[in-house]
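In what follows, a single structure is set out as structure tokens and then discussed.
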Number of protein chains: 4
Amino acid sequence: MQEPKPNVGRPRDGQIDGAIVRATRELLVERGYAKLTVDAVAARAGIGKAAIYRRFATKQEMIFAATVHDMQEEPPPDSGSLRGDLAAVCRTIAAQLTSAPPDVLHGLLADIHADTGLGARFHGTFIEREQYVLGTVLDRAVARGEIASRPDIAMVHAQLIGPVFFWLLILGGDRERVATLTATVAESVASTLVKD
Amino acid sequence: MQEPKPNVGRPRDGQIDGAIVRATRELLVERGYAKLTVDAVAARAGIGKAAIYRRFATKQEMIFAATVHDMQEEPPPDSGSLRGDLAAVCRTIAAQLTSAPPDVLHGLLADIHADTGLGARFHGTFIEREQYVLGTVLDRAVARGEIASRPDIAMVHAQLIGPVFFWLLILGGDRERVATLTATVAESVASTLVKD
Amino acid sequence: MQEPKPNVGRPRDGQIDGAIVRATRELLVERGYAKLTVDAVAARAGIGKAAIYRRFATKQEMIFAATVHDMQEEPPPDSGSLRGDLAAVCRTIAAQLTSAPPDVLHGLLADIHADTGLGARFHGTFIEREQYVLGTVLDRAVARGEIASRPDIAMVHAQLIGPVFFWLLILGGDRERVATLTATVAESVASTLVKD
Amino acid sequence: MQEPKPNVGRPRDGQIDGAIVRATRELLVERGYAKLTVDAVAARAGIGKAAIYRRFATKQEMIFAATVHDMQEEPPPDSGSLRGDLAAVCRTIAAQLTSAPPDVLHGLLADIHADTGLGARFHGTFIEREQYVLGTVLDRAVARGEIASRPDIAMVHAQLIGPVFFWLLILGGDRERVATLTATVAESVASTLVKD
DNA sequence: AACTAACCGAGACGGTACGTCACGTCTTTCG
DNA sequence: CGAAAGACGTGACGTACCGTCTCGGTTAGTT
């Protein structure tokens, strides 16, 4: 979201922000990511295209903002074990991955990685946040004495989230069985870490 | 690839098929997925656009065909243990995932999931093949007595490939450390299965 | 010319209308009717193709508008005789026929008659106007007592303009001798009418 | 029509010539000049495109040959007066002009004048032949003593044929009234010439 | 109360790529 | 070697979408 100049001129209409998000989400569901056009969003929201581009630099930024909730994920409450904490983290992220249609995630990921700026923001907003949460959880395990030292976070991240991600986005797997997968993976990663 | 009518008229020039693939791959590397144009492919290949559209219904089909090699993956030689076999499968697939620039994979996945037909072909060509290979490997483990019965293949698939996939495509992780990740994951999945 | 909605949105840039006409005329002279392309017109005019297709439904409409000046021919001043009036009318029309390269006239006539809508507009713009002028001139002759009643206008039209048209477009005749032909025809038609 | 090499190889199938002409004429009537395609002619005739291009250098040549009958117009029998002879010539040519749909004539004329070679052939086949016939008729009038010397043929040609041409092709006039127009014009031209 | 600066909807703008179509040529198999 | 079938390079077509810009008009805060 681009910032308006403060305290001069007419202020932005706050209803428009909501209307853009709503129209974008509706059209993503109705037509899919590839067939979403800015003109259609503007028409559906009953606004002009300029109102969109005053707020977002590109179509991708708009979709990014409309799709991705504000994601201020916090470390889960201490469950008493690394395994339980990892399962909690994994469940939260899995829930986010199922909050948008799969083709939207694919399209967005492609566009994000095609654009340096957006890619950096995505990384900062999601990846780093998730790894911060993971780090907290792992530090707890160290404090508990479950593991000797904090392992490489990115590797743990990949082992924990990768299977869920793949299941949902590549295999197009059943969303109900994600819970099972999540539990299995958390167990598996925890025991691998503890074993070392 | 659209099929020509057999034995009537001038046959398709086989060199053109190769030239399209070559030009597409070169341009994907040089310009990236988002900036690939059909006109540029035709120009680079020294052919007309019509020759492309005679073979592929859309630009995406063309890229799919040019990117996705004929992928007739076979089960790896028996390594003597489930863990060794899983590691071999995982290494092979990881090698394929690193054979194209990452933005190409993202773009292709997005386009594949935006188009039902292409999605089905992708599933048939890759997912099913990988799961066939995995099934073979798991059956060996059953025969060996490592595991009691063949588990759900898709779940194993997700656990095995998901981390590598996530590491490479989402985290943009170091390609050299994929080997470490692969080994860790294979070990982890194997021991989870054997334990049961 | 397609009409813009009035008083909403950005108004059409009037300079573009002129630039399209100018570029079209230049390119018709430089390359001829058959080799005129819409892309070339847009490039020459320094505009996008969309700006052309926003104004004209087809390439032919564009050429029609660019070629056919607004043609608000008025009856010539009363020369005192039917013969003089007819000669004046004929000279005016002959001048219009020589204002564009001959291949443009051929191409335009062909396209006009290939498209019902354009044909109707051509008829309304040109034929009816010319016949209105002819009707005025003939009415004067009736008032003068040169002829008893107003004859069939279309027949007179054909007799008067046909020879000049044929001379210029079919015979590819010398443009300097059109004056002689015009005078001869006007004399001939006038005496045929007066004789009756 | 391009000549085959004589006495070598397989002779051309004479039925094909007829089939091309028939298919061309049918499609001209059904779809009009602008929408006639060589592929459609070949398909309708049940032949290959190569068989067409073996006979005609261009699409226009094909249409020219298919539309225009072999036109070996001879001077009409002596009617005893210039006026009668001119009327006969005019009637013959008018009949030819009505033998094809009007849009075909427009299209063909445009293409003829866009191509030097075809334009020359058209001129030789039609214009010169018509002027030869006119010359013969005018010579008769000189011999008869109706006129003193042979006037400029092209000018007479334009005066005589122009009105009919304009009536049929530009005005889209009623074909039944062409007879009246023909008679009027012949009378008018004859008396203009005799008067001098 | 007037001024001013940024807002608003609507839609035109330059640019770029798409997928289609037709031309006239070329290349195969068959007779 | 002619013919049917159809692939080939070329090049224009008309459409669609992007992100920008320009209208007339609206809506605050500042003079």
| Taking a label point 7 Å from Cα toward Cβ, how far is A:Gln96 from its twins in the other copies, in nm, shortest first? | 2.9, 7.2, 8.3
| query | Which semi-axis lengths, in whole Å and largest first, follow from the square roots of five times the eigenvalues of the Cα gyration tensor of the protein assembly as shown? | reply | 82, 34, 17
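Within 10 Å of each Cβ of A:184-192, how many other protein chain Cβ atoms are there on average? Display every interim value, and only then the final one.
Details: counts 8, 8, 0, 2, 8, 6, 0, 4, 7.
Counting other chains' Cβ atoms within 10 Å and averaging over A:184-192 gives 5.
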| request: Measure out, as a whole number of angstrom, how far apart the alpha-carbon centroids of segment B:91-115 and segment C:44-122 sit. | output: 58 Å
| said: Just to be sure I understand: chains B and C are related by a rotation, so which residue of B has its Cβ closest to that axis, and how close in Å? | reply: B:Asp39, 7
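Counting pairs of alpha carbon atoms under 8 Å apart in space and at least six apart in sequence, what relative contact order in percent does segment D:14-67 give? Please report the intermediate quantities before stating the final value.
Working: 35 pairs, mean separation 24.4, N = 54.
Once normalised by length, the contact order is 45 percent.
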| query | Mind listing the Cα extents of chain A along all three principal axes, in Å, largest one first? | reply | 60, 40, 27
| query | Picking from B:Ala179, B:Ala23, B:Ala143, which is most flexible by a Gaussian network model of chain B using Cα springs under 10 Å? | reply | B:Ala143
| remark: Sorting from shortest, the nanometre distances separating the label point of D:Lys35 (7 Å past Cα along the line to Cβ) from those of the same residue in the other copies are 2.8, 3.1, 4.4
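For the A and B pair, go ahead and give the buried accessible area with a 1.4 Å probe, both sides summed, in Å² to 100. Write down the numbers at each step before the final one.
Numbers: alone 10730 and 10740 Å², together 18530 Å².
Interface area, both chains combined: 2900 Å², rounded to the nearest 100.
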| task | Run through the other copies and list how far each one's label point is from that of C:His123, in nm with one decimal, shortest first; the point sits 7 Å from Cα along Cα-Cβ. | result | 3.4, 5.8, 7.0
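Please state the charge dipole magnitude for segment C:14-67, taken about the Cα centre, from unit charges on C-beta atoms (+1 on K and R, -1 on D and E), reported in debye and rounded to the nearest 20. Each step should come with its number before you reach the end.
On the way: 9 positive and 5 negative charges, 13 e Å.
Taking the Cα centre of segment C:14-67 as origin, the dipole is about 60 debye.
Can you give the FRET efficiency to the nearest 0.05 for D:Asp17 and D:Tyr132, using r as the Cβ-Cβ distance and R₀ = 22 Å? Mind dumping the intermediate values first?
Numbers: r = 28 Å, r/R0 = 1.26.
Efficiency computed from Cβ-Cβ geometry: 0.20.
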| said: Distance between the C-alpha centers of segment B:1-23 and segment C:146-188? Whole Å please. | reply: 60 Å
| message | Can you compute the helix-only [θ] at 222 nm over the protein assembly as shown? Use -39500 (n - 2.57) per DSSP H run of at least 4 residues, normalise by all residues, nearest 500 deg cm²/dmol. | response | -20000 deg cm²/dmol
| Which residues, if any, in segment B:18-60 have at least 20 Å² less accessible area in the whole protein complex than in the isolated chain, probe 1.4 Å? | none
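Per residue, what accessible area does chain B have, given a 1.4 Å probe and all protein chains present, in Å²? Working shown, then result.
Working: 9270 Å² over 196 residues.
Roughly 47 Å² per residue, with all protein chains present.
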| D:Arg177 label point, 7 Å along Cα→Cβ, cut-off 13 Å on backbone N: hits in segment C:152-193? | C:152-159
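Students often get this wrong, so check it: of A:Lys5/A:Lys35; A:Lys49/B:Lys35; C:Lys5/D:Lys35; A:Lys59/D:Lys35, which have C-alpha atoms separated by over 30 Å?
Values: A:Lys5/A:Lys35 33 Å; A:Lys49/B:Lys35 25 Å; C:Lys5/D:Lys35 33 Å; A:Lys59/D:Lys35 41 Å.
Flagged as over cut-off: A:Lys5/A:Lys35; C:Lys5/D:Lys35; A:Lys59/D:Lys35.
Counting only protein heavy atoms and using a 1.4 Å probe, what share of the accessible area of the protein assembly as shown belongs to carbon plus sulfur, as a whole percent? It would help to have the intermediate numbers written out before the result.
Details: 19690 of 37050 Å².
After summing per-atom areas, the C and S share lands at 53 percent.
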| Cα-based Rg of segment C:82-195 per 2.2 N^0.38 Å, rounded to two decimals? | 1.11
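Just want to confirm a number: the relative contact order over chain A, from Cα pairs under 8 angstrom separated by 6+ residues, in percent.
Values: 164 pairs, mean separation 45.5, N = 196.
Averaging sequence separation for qualifying contacts and normalising by length gives 23 percent for chain A.
The values are calculated or read from the model by the stated rules, or taken from the named source; none is laboratory data. All figures in this text were calculated on a predicted structure; none of them were measured in a lab. Glycine gets a Cβ as well: all are built from the backbone with ideal geometry, and neighbour counts include every protein chain shown. When the accessible area is computed, the model is the full protein with side chains, heavy atoms only, and any ligands, DNA or RNA have been set aside. Shrake-Rupley method; radii C 1.70, N 1.55, O 1.52, S 1.80 Å.
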